[in-house]
Amino acid sequence: LSPQLLMLSGIGDAKHLKEHGIPCVLDLPALGRNLSDHPILPVLVEMPDGRKLPSRFQNSCGTHGVYFWQSKIGQSREERLGKSMGSDLETIFNSRIELSLYPKVMVHELAALLSKLTADYRSWLPLRFLSDLALQWGRWKERSGDGAFSKALELMTILNHPQSRGAVKLRSADPHAAPAVDPNYLSEKEDVDAMVEAFRRMLRIFSAPSLAPYVYAFHPATPAVDATEAEISDYVRSSIRTTWHYSCTTRMGPATKENVCDPQGRVHGVKNLRVADAGLMPEVVSGNTHAACVMIGDRIGSFIVSEHAPKL
């Protein structure tokens, strides 16, 4: 929400602010641009009736293994830049559906409906009640061994180094109206190619001797092993989901047209105004953004203390 708050305050692209009748205090066209996220691609399979995974495939949270690897696209990018870029893909094996996912899935699926009722739906009190209800329903479904909840296995791959960029813009000058968020996933061919390779590898993992006996059928929408590149690309585009790792919309760096803040989080051209969230990242980190956000908040806080402590 940082770009929205700044735009409503008159900071941002002057032309965009004018469209919504907001006087421009500071023309900062980079604000809200460069939106990055970690798109995730799931592949779901159904186990045969009566088949259960052995204990070596299970643990308390259902996430048995995380596999970091580099796609051919990632390797070529590394060679082109002449430096190590690390793993651009992360594949996760879920041996069961984790209980905490039920309310998360519910929030995700109902987001479009709830946003029509209130812009701040995540803090909406009735939603908390519905989330608790979803969690209890999920526990009941798991105990009853009903349907896909007890028979599903999942591999999902996260694109850690996306090249596509989106944007955050205002829908209106109303502070209660949700902003227009366009992730613009897979607009760069490199991202599509990397996820197509990830899909093929996930199929190979499911066909491995250790897992093949537990695979009865793939989800009906899943392309076959011999599917064409175009068919897999279409599946990837239609199946990509967010990881809620939105970042880079108030990126830090020198005072150029590409950046919004300096390395201490101060908004270029404005005194006593800082950003302390994932928006500061010039590039999204290669993993979950939580720890990085905690570090950013702690670091920006220390800058503020060091600047003002002597004056207290």
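The values are calculated or read from the model by the stated rules, or taken from the named source; none is laboratory data. Every value quoted in this text rests on a predicted model; they were computed, and no experiment measured them. Note that we place each Cβ from the backbone using ideal geometry, even for glycine, and neighbour counts take in every protein chain shown. Side chains are part of the model used for accessible areas, which takes the heavy atoms of the whole protein and leaves out ligands, DNA and RNA. Shrake-Rupley method; radii C 1.70, N 1.55, O 1.52, S 1.80 Å.
The length gained by stretching the chain between K15 and N184 to full extension, at 0.36 nm per residue less their Cα-Cα distance, is 58.7 nm.
Label sites at F303 and S238, each approximated as a point 7 angstrom past Cα along Cα to Cβ, lie 4.5 nm apart.
Residue-wise HN-Hα couplings along region 274-280, as the Karplus relation 6.51 cos²θ - 1.76 cosθ + 1.60 with θ = phi - 60° gives them from phi, are 10, 10, 9, 8, 5, x, 5 Hz; Gly and Pro carry x. Would you please state which residues of region 167-207 a label at E79 would reach in this model, taking the label point 7 Å out along Cα→Cβ and a backbone N cut-off of under 18 Å? Within reach of a label on E79, which here means backbone N under 18 Å from a point 7 Å along Cα→Cβ, region 167-207 contributes 190-191, 193-194, 197. The packing ranking, built from the mean of other Cβ atoms within 10 Å per residue, places the peptides 295-301, 181-187 in the order 181-187, 295-301, highest first. Across region 224-304, C-alpha contacts under 8 Å between residues 6 or more apart give a mean separation that, scaled by the residue count, equals a relative contact order of 23 percent.
Can you give the FRET efficiency for D226 and L1, using 1/(1 + (r/R0)^6), R0 = 41 Å, r = Cβ-Cβ distance, to the nearest 0.05? After rounding, the FRET efficiency stands at 0.35. Per residue, the solvent-accessible area of region 161-203 (1.4 Å probe, heavy atoms of protein chains only, all protein chains present) comes to 45 Å². Here the extension length gained between R204 and F68 equals 47.4 nm, from 0.36 nm per residue of separation less the Cα-Cα distance.
Which loop-located chymotrypsin sites (Phe, Trp or Tyr not before Pro) does region 212-269 contain, where loop means any DSSP state but H, G, I, E or B and the Cβ has at most 13 other Cβ atoms within 10 Å? Taking region 212-269 and a limit of 13 other Cβ atoms within 10 Å, the loop chymotrypsin sites (Phe, Trp or Tyr not before Pro) found are Y216, W244.
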